[in-house]
Amino acid sequence: MDKYGLIGYPLGHSFSKNFFNEKFHSEDIKAEYVNFEIPNINEFTSVLVDNPNLAGLNVTIPYKEQVIPFLDELDPDAKAIGAVNVIKIIREKGKTKLVGYNSDIIGFTQSIEPLLESQHKKALILGTGGASKAIFHGLKKLGLEAKFVSRKAQEGMLTYQELTPAIMEEYKVIVNCTPVGMYPRADEFPDIPYECLTPNHLLYDLLYNPDTTLFMKKGADKGAVVKNGLEMLLLQAFGAWDIWNK
């Protein structure tokens, strides 16, 4: 029986485990999905050795970048992003080959593309963590120019204090890649000038708990189009399954 799994630390509630085990059950696929909660990336090798029937892995925080040196190959998207969240394990003639992919970019681009209109030429990416890199490259693939917004001043990035009305008018897509506003701290929201938002703006939140974050609500109050990250999560899971089975 094939085994799939997730590496990360800590894992707690994992969307992937529930999603894939329900999929296997409902589609009568002879496979199981397990969580590998490893406190150190160096334990990655023992996960592979101890599970000879492992066919694929998802990778989550904090190992999306740390896992790369263990891999034999990266697909072009994963290489450009510098982060991996899907590993395909190919076993042939007693040898094991590990190939890294990034399905966050697949999930995000498929999810935001239907909402893009002619005025959506430039985007602000709130946050500079692992997910934000995939979002940057996803927007680039869709033809949008993107700029990161960071709490600390960094070269080539804007700070929240620098989000002037002129910048807000120029950048009509805003993607929240920070955990600000996530349950249980749902009363928080990223510090952007919401008064500058218009019906021409599109606000996309990678968070999905709560369904409507305050970031989204404050955008919707100004007539902006808003969307949460649940569909992206589902699409990146479908993307992972396609990668393992192609």
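The values are calculated or read from the model by the stated rules, or taken from the named source; none is laboratory data. On a predicted model such as this, the values are computed, not experimentally measured, just so you know. Quick reminder, even Gly has a Cβ in these numbers, built from the backbone with ideal geometry, and neighbours come from all protein chains shown. The area values use the complete protein model at the heavy-atom level, side chains included, leaving out ligands, DNA and RNA. Shrake-Rupley method; radii C 1.70, N 1.55, O 1.52, S 1.80 Å.
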Query raised in the report: Which of the residues belonging to region 46-64 are in contact with a helix residue (DSSP H, G or I) (Cβ under 7 Å, 6 or more places away or on another chain) and open to solvent by 30 Å² or more (accessible area, probe 1.4 Å)?
Result: ILE61, LYS64
Requested in this report: Can you give me the number of residues within region 131-180 that are among the basic types (Lys, Arg) and more than 19 Å from LYS121 (Cα to Cα)?
Outcome: 2
Report summary line: When region 123-150 is checked residue by residue, the ones that are open to solvent by 30 Å² or more (accessible area, probe 1.4 Å), modelled with pLDDT of 95 or more and on the phi < 0 side of the Ramachandran plot are PHE136, HIS137, LYS140, LYS141, LEU142, GLU145, LYS147, PHE148
Report summary line: Those residues of region 92-122 which are among the acidic types (Asp, Glu) and surrounded by fewer than 20 Cβ atoms within 10 Å (Cβ to Cβ) amount to GLU92, GLU113, GLU117
Report summary line: Sole miss for GLU32 among (1) closer than 19 Å to ILE243 by Cα; (2) open to solvent by 80 Å² or more (accessible area, probe 1.4 Å); (3) of a type in the set (Asp, Glu) is condition (2)
Query raised in the report: Would a scan of region 133-143 turn up a residue that is part of a loop (DSSP other than H, G, I, E, B), touching a strand residue (DSSP E or B) at 6+ places or on another chain (Cβ under 8 Å) and in contact (Cβ under 8 Å) with a residue 24 or more places away in the chain?
Result: no
